[in-house]
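The values are calculated or read from the model by the stated rules, or taken from the named source; none is laboratory data. Worth saying up front: this structure is predicted, and the values here are computed from it rather than measured. Ideal geometry is used to build each Cβ from the backbone, glycine not excepted, and the neighbour counts take in all protein chains shown. Protein only, heavy atoms only, side chains kept; ligands, DNA and RNA dropped before computing areas. Shrake-Rupley method; radii C 1.70, N 1.55, O 1.52, S 1.80 Å.
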Amino acid sequence: MAIVNVHLILGSTVSLVCPARVVEAGADGLLLWVAPGTPLWRATIPPGTHLRDLPTEGSYPLRADRWRHAGALILQPAGAGHAVWWSFTEEQEFRSWYVNLESRTRTRDGADVHVTDQELDITVAPDRAWEWKDEEAFAAKTGHPVYWTAAEAAAIRAEGVRVTRLIDSASYPFDGTWCDFRPPASWPVPDRPPLPLGPVTAPSGALVLGKASWIGHRQDGSRPWSERALAAAAAGGGHIHEGESAEPLAWGYEAIAVPAALDRPLPVRAWTSPSPFDGEPVLSALEVELGLQWDRDAHGDGPVPLGDLPVDRCGTVLGDARALDRFEGLSGESVDGLADVTYWGRYWEEAHAVFGGELVLPHPGGTGPHGFLDIPLAEARALKRRIEDWVREGPGNGLMVSVDAHTDFHRFKRAGWSRPLLAGTIEVGGCRVLGLGWDPGDHSMRHRGERAHGQVYPVTLEERAGEAVLRWTVPAYVPDEDAAL
């Protein structure tokens, strides 16, 4: 039985990505089942709020969660601007219907359905008494550039009126069908769906996946990395690395370069597994849609091995080959003349009382780090010296202070703060570039040896629904296997 991932979108924000089991599929549409406790991704919003009431320009990163209700059936009629939900009690007794007015698109491979919520809904009791829901919010959003025009609003309401006629006449799907549904006990709860991360862009026609720690390293007179990347991409894809030897250095720059469409965004998604360190999701596979048709004559059915990469403790970068020539790495220059100052550790409360600063990266308990973002670099360095002088003259050792210039490395790390997989997207050289971090505890347990100790993971070119994708697979932690090593 197939699984479909439902992406629920409000305005410009993905509010939920939830896997659902296909009960029926045909020319008439899809019937889906969402099981209690299903693992999913949910937008992070302040407690006690609803996404509909928050600013559209806000940042609401997805976080790992579970379906918090009893099971639900979802009918998505083909070509219709609505879906019908059957909600049940925990004892699987029918509770009510719910009509969600929406628009939908399904991916070519059928694995994902993107649902754009249109705010206006209809609640339907078991006796078919119905009411409009969220009319005020629907009216308030009408005319907003992120939502719908007045003409579109009229069409949305007309779709709802059409559904109410089905309700009043007790016509399908409001005729009692599926109200006695019982999911088979053999159906397992689906895995958490892949996490959408992208897109990235590659206007040079070559996309690079590489280590973040050495990307800014250049030996005098060495060729730009893009020359090697473009050559590898022209040959169908391959591994590039520092030095002239056939094998990459144990601790040096390396990457995989592949051809990619230069005229469109390239969606990126990540599969996850629990970290053995703290149970939080960590990367188990990264997949990029390259926007190119699969070349069966050249590649057969695939997959095509392209080489392997270690998990770099400093992170991984995915972006355009030429844009990454301009990437300011670990020891690079600030790209905008600004920096961030943060402090944490012992005496942080005393330091906050003297110097102030906002909570930069929330931790449980709100303990820090604190500091100042986006201040001129010279001012940031002077502030660090003042804090360090205060530490020496006052409380003594224990407070850590850092100045992080706005290098591209720091920018992607900052963009990933508080996001799953520490994933953040920035612009470099006019291109969208994705950075991935790695949980330090998980890295130290499973990947700290990197290439020097053979801890490398395969990168392949694969086919999905007739198109090429780049895939990096990092096997999930298996306790018994790791214990035997």
* Structure fact -> The answer for segment 387-441, accessible area per residue at 1.4 Å probe in Å², is 42
* Express in whole angstrom the spacing between the alpha-carbon centres of segment 91-110 and segment 384-406. => 55
* **On Cα atoms only, tilt of 150-168 relative to the major axis of the chain in degrees** => 50
* Those lysines that a straight Cα-Cα span of less than 29 Å connects to residue 413, excepting residues fewer than 8 apart in one chain -> 211, 384
* For the chain, what's the relative contact order in percent, using C-alpha pairs closer than 8 Å and at least 6 residues apart? -> 13
* Asked: For volume of the Cα convex hull per residue in Å³, which listed value, (i) 183; (ii) 171; (iii) 195, comes from the coordinates shown?
  -> (iii)
* Pair residue 247, residue 69: separation of 7 Å Cα→Cβ label points (nm) -> 5.7
* Please name which of 233, 129, 32 has its Cα lying farthest along the dipole of the chain towards the positive end, using unit charges on Cβ (Lys, Arg +1; Asp, Glu -1) and the Cα centre as origin. => 233
* Asked: How far is helix 225-234 tilted off the main Cα axis of the chain, in degrees rounded to 10, range 0 to 90?
  -> 50
* Asked: Rounded to the nearest 0.05, what FRET efficiency is calculated for residue 57 and residue 105 with R0 set to 30 Å and r the Cβ-Cβ distance?
  -> 0.80
* Asked: Can you pull the semi-axes for segment 91-143, root of five times each eigenvalue of the Cα gyration tensor, sorted largest first, whole Å?
  -> 24, 21, 7
* Antiparallel DSSP beta bridges within the chain, percent to nearest 5 -> 95
* Cα-based Kirkwood hydrodynamic radius, segment 373-472, one decimal, Å -> 17.5
* Contact order relative to length of segment 1-95, as percent, for alpha carbon pairs under 8 angstrom and 6 or more apart -> 24
* Cβ-placed point charges (K, R +1; D, E -1), dipole of segment 166-268 about Cα centre in debye, nearest 20 -> 180
* Structure fact -> Excluding residues fewer than 8 positions from residue 141 in its own chain, the lysines with Cα under 29 Å of it are 133
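In segment 370-485, what percent of the accessible surface is made up of carbon and sulfur (1.4 Å probe, ligands and nucleic acids excluded)?
Reported share for carbon and sulfur atoms: 50 percent.
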* Figure the gain on full extension for residue 185 and residue 388 (residue separation times 0.36 nm, minus the Cα-Cα span) and round it to one decimal in nm. => 66.8 nm
* Report relative contact order for segment 416-485 in percent, whole number only (criteria: Cα-Cα under 8 Å, sequence separation at least 6). => 16
* Rg(Cα) of segment 303-406 divided by 2.2 N^0.38 Å? -> 1.40
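Would you rank 104, 223 by solvent-accessible area, highest first, keeping every protein chain in place and using a 1.4 Å probe? Could you put the intermediate results ahead of the total?
On the way: 104 60, 223 115 Å².
The ordering from most to least exposed comes out as 223, 104.
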* Report Rg/Rh for segment 190-332, rounded to two decimals, where Rg is the Cα radius of gyration and Rh the Kirkwood radius. => 0.97
* Accessible surface of segment 87-151, 1.4 Å probe, proportion on carbon and sulfur as whole % -> 51
* In whole Å, largest first, what are the principal axis extents of the Cα atoms in segment 1-50? => 39, 25, 13
* Structure fact -> Farthest towards the positive end of the dipole of the chain, among 376, 478, 73 and with Cβ unit charges of +1 on Lys and Arg and -1 on Asp and Glu, lies the Cα of 376
* Structure fact -> Note to self: with every protein chain in place and a 1.4 Å probe, segment 89-222 gives an accessible area per residue in Å² of 51
* Asked: How big is the charge dipole of segment 319-449 about its Cα centre, in debye rounded to the nearest 20, if each Lys and Arg gets +1 on its Cβ and each Asp and Glu gets -1 on its Cβ?
  -> 320
* To do: First compute the accessible area of segment 168-286 with a 1.4 Å probe, then give the percent of it belonging to carbon and sulfur atoms.
  => 55
